[in-house]
1. Among the β-branched types (Val, Ile, Thr) and touching a Lys or Arg at 6+ places or on another chain (Cβ under 9 Å): which single residue out of 98, 83, 8 fits that description?
2. Kindly provide the set of residues from the range 88-111 that are surrounded by fewer than 16 Cβ atoms within 10 Å (Cβ to Cβ) and part of a helix (DSSP H, G or I), ordered by number.
3. Of the residues 42, 111, 101, 107, which single one is over 16 Å from residue 18 (Cα atoms) and touching a helix residue (DSSP H, G or I) at 6+ places or on another chain (Cβ under 6 Å)?
4. Scan the range 54-77 residue by residue and report those that are hydroxyl-bearing (Ser, Thr, Tyr), surrounded by fewer than 17 Cβ atoms within 10 Å (Cβ to Cβ) and either at pLDDT 95 or above or in contact with a helix residue (DSSP H, G or I) (Cβ under 8 Å, 6 or more places away or on another chain) (or both).
5. Taking the range 118-140, which residues are over 16 Å from residue 83 (Cα atoms), assigned to a loop (DSSP other than H, G, I, E, B) and out of contact with any helix residue (DSSP H, G or I) (no Cβ under 9 Å at 6 or more places or on another chain)?
6. Where the second residue is assigned to a loop (DSSP other than H, G, I, E, B) and among the basic types (Lys, Arg) and the first is at negative phi and lies in the range 101-123, which pairs have Cβ atoms under 6 Å and are six or more apart or on separate chains?
Amino acid sequence: MESGYDLTEATRQLLIQHANRFDGYAWAKAQGDPAGGGPGYLGKHLYEPFRQTRRVPVSPDAALALNFYLHRLFYHWGHLPGTGNAEWMEMVLLYLHTYRLPTPPKLRHELAREWEQRPKGAAEAAAAEIRALLMRRLSA
């Protein structure tokens, strides 16, 4: 990681909790995924178009599903992406686009409690930290 551009541990944990609040596999299944809500559907229908266009889906649920999928990739890697690479930029972009969205009750993941019980102001503090890091990167 690049010194001076790292997220704090509290923010990294909040990003994970945010992604884990939404059941992206249930969303994929509701979209008619023939595999019954597997990661292949999310990759093909959300992540690949996002990587090509850098456009966040208009649908709030699709945007949350994309964020969920991206973090599932990180989980399989065993860590969040390093600062400055494409996946890090995707991660912070999706957080900034989705952290204020409500969790749809039908798509609430069993791990949502951690996000729901976060300290008051923590989500905004994480967003402010991300914005400050992005501004430092732009002015460097």
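The values are calculated or read from the model by the stated rules, or taken from the named source; none is laboratory data. What you are looking at is a predicted structure, and each value in this text was computed from that prediction instead of being measured. Cβ placement follows ideal geometry from the backbone for every residue including glycine, while neighbour counts extend to all protein chains displayed.
1. Result: 83 is the single residue among 98, 83, 8 that is among the β-branched types (Val, Ile, Thr) and touching a Lys or Arg at 6+ places or on another chain (Cβ under 9 Å).
2. 89, 96, 105, 106
3. On the way: 111 fails: over 16 Å from residue 18 (Cα atoms); 101 fails: over 16 Å from residue 18 (Cα atoms); 107 fails: over 16 Å from residue 18 (Cα atoms).
The unique qualifying residue is 42.
4. 59 - this is the single residue of the range 54-77 that is hydroxyl-bearing (Ser, Thr, Tyr), surrounded by fewer than 17 Cβ atoms within 10 Å (Cβ to Cβ) and either at pLDDT 95 or above or in contact with a helix residue (DSSP H, G or I) (Cβ under 8 Å, 6 or more places away or on another chain) (or both).
5. 120, 121
6. Partner pairs satisfying both residue conditions: 103/21; 109/21; 112/21; 115/21.
To keep it simple, each residue is scored yes or no on (1) within 14 Å of the chain's Cα centre (by Cα); (2) without any contact (Cβ under 8 Å) to a residue 40 or more places away in the chain.
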{"position": "22", "(1), (2)": "yes, no"}
{"position": "27", "(1), (2)": "no, no"}
{"position": "31", "(1), (2)": "no, yes"}
{"position": "35", "(1), (2)": "no, yes"}
{"position": "42", "(1), (2)": "yes, yes"}
{"position": "45", "(1), (2)": "no, yes"}
{"position": "49", "(1), (2)": "no, yes"}
{"position": "59", "(1), (2)": "no, yes"}
{"position": "65", "(1), (2)": "yes, no"}
